[in-house]
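The values are calculated or read from the model by the stated rules, or taken from the named source; none is laboratory data. Only a predicted model underlies this, so the values are computations on that prediction, with no experimental measurement involved. Neighbour counts are summed over all protein chains in view; Cβ atoms, including those assigned to glycine, are modelled from backbone coordinates with ideal geometry.
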Amino acid sequence: MSSVYQNVVRQFNKAADLMNLDPDIRVILSSPMNEITVNFPVRMDDGKVRMFTGYRIQHNNALGPFKGGLRFHPNVNDDEVRALATWMTWKSAIADIPYGGAKGGIKLDPKQYSKAELERISRRFAYSLTTNIGPNYDIPAPDVNTNGQIMAWILDTYMSTLPAKERDTALGVVTGKPLEAGGSIGRTKATGQGVCFCVEQWAKDHNFDLSKATFMVQGFGNVGSWAAKLIAKHGAKLIAVQDHTGTIICKDGIDPEKLDEYVAEKRGIAGYPEAEAMPNEDFLSTEADIFVPAALEGQLTEETTGKLKVKLVAEGANGPTTVEGDKILTEKGIDLIPDVLCNSGGVIVSYFEWLQNKSSEYWDLEEVDTKLKKKIIGGYDRVKEAAAKYDVDMRTAAYIVALSRLESAYKLRGVYP
Ligand code: NAD
């Protein structure tokens, strides 16, 4: 099986071949620009010091500052972060926002640490990265197991390293901040909202009645829970959910708002009283109209994709489908809204947060949602057009859109010296 980054390279090569990408630009985009690994010490609650390893990989900044989330997870490694950073470059280019791509993370299981330890870990990681991030250079955001609180700690640490009179220029060093710490209204739900806008557009294109639809979601964290709550508002029925604690099913429908309250208290879906537990391995064979993967990468593979009985996969997660998984989706005639388009709502509203920080403004929710819809549907239309023009699947089309945008920028600017 290929690594996560090999998966990206295979996707990239396929699109680059089809669109005849300029060979020089192909070489440039084939590798990340900077790869930073930091090992840093943190004092634990028991008084002992422990070393942690963190990464920040900056794939490309031809279109604007490096941009991408920070993940805290035991599986974090350079290969995974490299893949996630590369996807961010494509994502910003498809959304037509002036950002490049980056990603970072720390290899750890956050469940093993107290809140005070997580604060010290986050702050020390931010301190180790100080010279490599900045509001006009590289702008982190939340990802798996990170949130607004962690962004607020990173902001505070970064600001504290600056001379006092420069601190007020630093608000945009991270996005996904809590509202009270300079965040944007609508950022928390933005990725799920973007998934929902894409699903609405797909339904419109296919004359499909969302009010009669059934759907299933893998991962019930930020992205999965918001996607579920917003898709359910159309009358669609959430019938199965899977997370790291187990799988639940209820053919009459699971109320995503109630499940969200349960998860906030119990830290997982297992034991939710208004649905039945089902074996994890049966989840993907559930009959439903729409599947929203919103957990980790590599879920739809050569072995698992054949199980699906859905009409649409709307990728909330980054990289949930391997190249082999993609082939099976095409063979089975299952539609796909690829990650680099479908989950771009998060980076789009991060961009809005950054713009608000730069101009010391606060927009209202209606303004944020209206602008988000316009941006993400703009990307959707460009990808759909490329799919028709090149007669390819939506993922390859999305890559073609991104690579064409980057190719134009490089051709105009040239390569220094
Ligand atoms: P999160 O930490 O809020 O939630 C992650 C969810 O995945 C949890 O419900 C967890 O239980 C579940 N999960 C973990 N391991 C699992 C497993 N083995 N099987 C089933 N479920 C499992 O993270 P998030 O921010 O919602 O991110 C989810 C995905 O969306 C990631 O791929 C992330 O890169 C992507 N994404 C997030 C954002 C964002 O704004 N947060 C933006 C774009 C893409």
Q. Being basic (Lys, Arg), without any contact (Cβ under 8 Å) to a residue 12 or more places away in the chain and in contact with a strand residue (DSSP E or B) (Cβ under 9 Å, 6 or more places away or on another chain), is that true of even one residue in the stretch 92-109?
A. no
Q: Answer with yes or no whether Gly172 is within 12 Å of the ligand (Cβ to nearest atom), modelled with pLDDT of 95 or more and in a helix (DSSP H, G or I).
A: no
Q) If you check Pro163 against the conditions, is it free of Cβ contacts under 8 Å to residues at least 24 places away in the same chain and either surrounded by fewer than 20 Cβ atoms within 10 Å (Cβ to Cβ) or within 12 Å of the ligand (Cβ to nearest atom) (or both)? A) yes
Q. Does Ser30 count as without any contact (Cβ under 8 Å) to a residue 24 or more places away in the chain and either within 25 Å of the chain's Cα centre (by Cα) or buried (at least 16 other Cβ atoms within 10 Å of the Cβ) (or both)?
A. yes
Q. Is it the case that some residue within the stretch 182-197 is part of a helix (DSSP H, G or I), within 14 Å of the ligand (Cβ to nearest atom) and surrounded by fewer than 19 Cβ atoms within 10 Å (Cβ to Cβ)?
A. no
Q: Name the residue, out of Val38, Val9, that is closer than 24 Å to Leu296 by Cβ, assigned to a helix (DSSP H, G or I) and of a type in the set (A, V, I, L, M).
A: Val9
Q.
Checking Val401 against (1) hydrophobic (A, V, I, L, M, F, W, C); (2) in contact (Cβ under 8 Å) with a residue 40 or more places away in the chain; (3) more than 19 Å from Leu29 (Cβ to Cβ): exactly one of these is not met. Which one?
A. (3)
Q) Of all residues in the stretch 212-226, which are of a type in the set (Val, Ile, Thr) and either more than 6 Å from the ligand (Cβ to nearest atom) or part of a loop (DSSP other than H, G, I, E, B) (or both)? A) Thr214, Val217
Q) Only one residue in Ala116, Ala126, Ala141 is closer than 30 Å to Arg405 by Cβ and at pLDDT 95 or above, so which one is that? A) Ala141
**Q.** Contacts under 8 angstrom Cβ, first residue in the stretch 316-329 being under 29 Å from Lys229 (Cα atoms), partner within 7 Å of the ligand (Cβ to nearest atom) and of a type in the set (S, T, N, Q), 6 or more apart
**A.** Gly316/Thr191; Gly316/Asn343; Ala317/Gln218; Ala317/Asn343; Asn318/Asn343; Pro320/Gln218
Q: Please determine, by comparing only the residues of the stretch 198-208 that are without any contact (Cβ under 8 Å) to a residue 60 or more places away in the chain and in contact with a His (Cβ under 9 Å, 6 or more places away or on another chain), which one is nearest to the ligand (Cβ to nearest atom).
A: Glu200
(Q) For the stretch 291-380, give me every one of the helices (runs of 4 or more DSSP H) that falls completely inside it and has 2 or more residues that are more than 15 Å from the ligand (Cβ to nearest atom). (A) 323-332, 345-359
Q: State whether the residues of the stretch 331-343 include one that is of a type in the set (D, E, K, R), closer than 21 Å to Thr86 by Cβ and out of contact with any Cys (no Cβ under 8 Å at 6 or more places or on another chain).
A: yes
Q.
For the stretch 255-269, give me each residue that is farther than 20 Å from Glu200 by Cα and either part of a loop (DSSP other than H, G, I, E, B) or of a type in the set (A, V, I, L, M, F, W, C) (or both).
A. Leu259, Val263, Ala264, Arg267, Gly268, Ile269
Q) Residues in the stretch 257-276: is at least one under 22 Å from Cys198 (Cβ atoms) and not hydrophobic (A, V, I, L, M, F, W, C)? A) yes
Q: Check Val415 against each of (1) β-branched (Val, Ile, Thr); (2) in a helix (DSSP H, G or I); (3) surrounded by fewer than 17 Cβ atoms within 10 Å (Cβ to Cβ) and name the one condition it does not meet.
A: (2)
